[in-house]
Amino acid sequence: MDYDYKTGFITYPDAEPGSPGAKAPYIDHGTARIDPKRFYSAEEAALEWEHMWTKSWFFVGLAHDVAEVGDWFRADMGKESFIIVRNGSGDEGIAAYFNVCPHRGNRIVHSDFGSTGAGSCFQCDFHGWKFGLDGKNVDIRDEFIFRPEAVAHRPGLKQVRCEVWNSLVFISMVPDGKSLLEHLEIIPEHLAPYPFEKYKVIKDIETCWGANWKTSLDAFVEFYHADDVHPQVAPFTETVGCQYDLYANGNSRMLIPVGYVPLRYEDRDTVTEGLKAFLQFFGGNPDDYAHLKGHEYRSALAEVRRKWADRHGYAHFADLTDDQVNDDWNYYVFPNITLNVFSDALLIQAFRPHETDPRKSYYRAISLCLPVGGTQDMVMDPGQFGPDAVSEPGWDGSVRPEITHPETLEEFGSVLAQDAVRVPEIQKGIESAAFEGYVLSESESRIRHYLAEIDRMIGRG
Ligand code: FES
Ligand SMILES: [Fe+2]
């Protein structure tokens, strides 16, 4: 294949410069190997915590989960824990506090989700202090036993900044500084047509892995591993010819074309059975497209998927290009999430460091789909992405599943299980005396890019 590393693959050669599908300018991060200590040393983890995690916006959850005043969810990050609660209307009506009682330090909430009820308040379960939805102290049990000057400052919950973009909630422990939108930079413009508030959670899993958070993340920001790890997607998904783009603030993306016989195949004319099955899943009939060759099949898929959207009343498809209708636009929002953005589904993968051990981390995968209630159609979990990943007919998204903690690989779903089994194995190899550091291709440039952003924040390099 012809390949110029500064150009890489251009997924949409006809994309207008500056349009969402266009290739970003090349950023040269060199070819040096990456120091393996970054993936296990306690000193490195401490530097990341001090200069990066406590200084950056990071994703904590979905606005879906705080729909009513008093609804809250808990979000942990490293040694810290936060409460995100709705106390008003709109995106501004969501606030975040450290999940720490100012009396003796007890955690205020312990479960993943809950609700205080409108007009109610949080109550600490150690000595019963109460805090309003604005974080202010509203009651100190038996206050007369305190000398007045000890509680004159009315100790309340400590607030952190909280902002929402397209139903995704982010917080920052920095009291001022750049806004979330400044941090996201070009991403909101690219993803403006996707109404994430309409996508509903179909699966939500979290697990603790025996691997550094970056070891885990690195398995999800390149598609170079797809042929070996996910062979079942190859009959309808591009694996080598993906476009990789690097953006400001450590953000990046890859564009993964879906719905044709990929470049890797010698015979790109014959329509694979996998492609036909994909078309049928969205209600198409392969006989209607018998004139198309395998490499032309994306036009058939786009047509069938637009009809699917019309049947279900999803008007945003009119604002999507055929490329967006078909493909997997995979964004990395520095530092802690990847978004696999589809016209009808969204996979959010979140990575966070373990509270004490740099050799462990937490991995969460939230799968969301556009509901198909009132029909016989099914939806496909984007975390599995295959024929075994379909819902029951007429899935309406009305039941928000709990966050579950898989104990077996099967519970991850077929695609994610293939990654899950490898991540701890990679960590072991990284820590071997034999390993001299990642040797990275240009298809793995997103790894260099976010590591360079961490270096910048730490003040190195
Ligand atoms: S620790 Fe919360 S009321 Fe005592
Ligand atoms: Fe993977």
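The values are calculated or read from the model by the stated rules, or taken from the named source; none is laboratory data. From a predicted model like this one, the values you see are computed outputs, not experimental measurements. With ideal geometry, Cβ positions are generated from the backbone for all residues, glycine too; neighbour counts draw on all protein chains shown.
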What pairs come up if the first residue lies in region 286-311 and is over 12 Å from LEU275 (Cβ atoms), the second is among the charged types (D, E, K, R), and their beta carbons are under 7 Å apart, counting only those six or more places apart or on different chains?
ALA302/ASP322
Hey, could you check region 241-255 for residues that are in contact with a helix residue (DSSP H, G or I) (Cβ under 8 Å, 6 or more places away or on another chain) and not in a strand (DSSP E or B) and say which is farthest from ligand 1 (Cβ to nearest atom)?
CYS242
Within region 268-295, residues under 30 Å from the mean Cα position of the chain (by Cα), among the hydrophobic types (A, V, I, L, M, F, W, C) and either crowded, with 17+ Cβ neighbours inside 10 Å or not assigned by TED's automatic domain parsing to the domain that holds ASN326 (or both) come out as LEU275, PHE278, LEU279, PHE281, PHE282
ALA434 meets each of (1) outside any loop (DSSP other than H, G, I, E, B); (2) over 30 Å from PRO25 (Cβ atoms) with one exception, condition (1)
Give the residues of region 67-93 that are basic (Lys, Arg) and in a loop (DSSP other than H, G, I, E, B), sorted by residue number.
LYS79
Please state which of the following conditions ASP228 fails to meet, knowing it meets all the rest: (1) farther than 25 Å from LEU451 by Cβ; (2) within 25 Å of the chain's Cα centre (by Cα); (3) surrounded by fewer than 17 Cβ atoms within 10 Å (Cβ to Cβ).
(1)
Mind telling me which of the residues GLU143, GLU222, GLU238, GLU185 ends up being more than 23 Å from the chain's Cα centre (by Cα) and more than 19 Å from GLU92 (Cα to Cα)?
GLU143
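Hey, among THR7, THR54, THR31, which residue is at pLDDT below 95 and among the β-branched types (Val, Ile, Thr)? Show your work before the answer.
Numbers: THR54 fails: at pLDDT below 95; THR31 fails: at pLDDT below 95.
Residue meeting the stated conditions: THR7.
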What single numbered condition from (1) out of contact with any Asp or Glu (no Cβ under 9 Å at 6 or more places or on another chain); (2) surrounded by fewer than 16 Cβ atoms within 10 Å (Cβ to Cβ) fails to hold for ALA118?
(1)
When GLY119 is run through (1) within 13 Å of ligand 1 (Cβ to nearest atom); (2) touching a residue at least 40 places away in the same chain (Cβ under 8 Å); (3) not aliphatic (A, V, I, L, M), the failure sits at (1)
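State whether one or more residues within region 263-275 are in a helix (DSSP H, G or I), within 16 Å of ligand 2 (Cβ to nearest atom) and free of Cβ contacts under 8 Å to residues at least 40 places away in the same chain.
No, every residue in region 263-275 fails to be in a helix (DSSP H, G or I), within 16 Å of ligand 2 (Cβ to nearest atom) and free of Cβ contacts under 8 Å to residues at least 40 places away in the same chain.
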Restricting the search to region 343-392, which residues are within 30 Å of TYR40 (Cβ to Cβ), within 20 Å of the chain's Cα centre (by Cα) and β-branched (Val, Ile, Thr)?
ILE348, ILE366
